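Everything below concerns the one structure shown next.
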Amino acid sequence: MIPLTEARPGQRVRVSKVDCGRSLRTQLFAMGLTPGARVEVLSVNDGPVILSVMGGRLMLGRAMADKVLIKEA
């Protein structure tokens, strides 16, 4: 498992674990980032991480994206 911030643009990944406190986990789950969810990484650079999740786009700050652990889909 690696943090979402280490994924490559265009990569399709599966969320393995969300490693954070209950409040942030609840927010991420509400955005569709639940264990087992498939997401496509659209952009990863020095700024926010942009994802395609459940047909929509989602932008996460780097600190938040570091808490989402992924594996190859």
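Per the listing Gly32, Gly47, Gly10, the residue uniquely in a loop (DSSP other than H, G, I, E, B), without any contact (Cβ under 8 Å) to a residue 60 or more places away in the chain and within 13 Å of Glu72 (Cα to Cα) is Gly10. Number of residues in the stretch 55-72 that are over 10 Å from Thr5 (Cα atoms) and surrounded by fewer than 12 Cβ atoms within 10 Å (Cβ to Cβ) equals 5. Number of residues in the stretch 1-40 that are small (Gly, Ala, Ser), surrounded by fewer than 13 Cβ atoms within 10 Å (Cβ to Cβ) and on the phi < 0 side of the Ramachandran plot: the value is 3.
Counting only residues that are within 13 Å of Leu60 (Cα to Cα), touching a helix residue (DSSP H, G or I) at 6+ places or on another chain (Cβ under 6 Å) and of a type in the set (Val, Ile, Thr), the stretch 1-41 holds 1 of them.
No value in this document is a laboratory result; all are computed from the given coordinates. Fair warning: this is a prediction, and the values are worked out from it, not measured in the lab. No Cβ is skipped: glycine too gets one built from the backbone with ideal geometry, and neighbour counts run over all protein chains shown.
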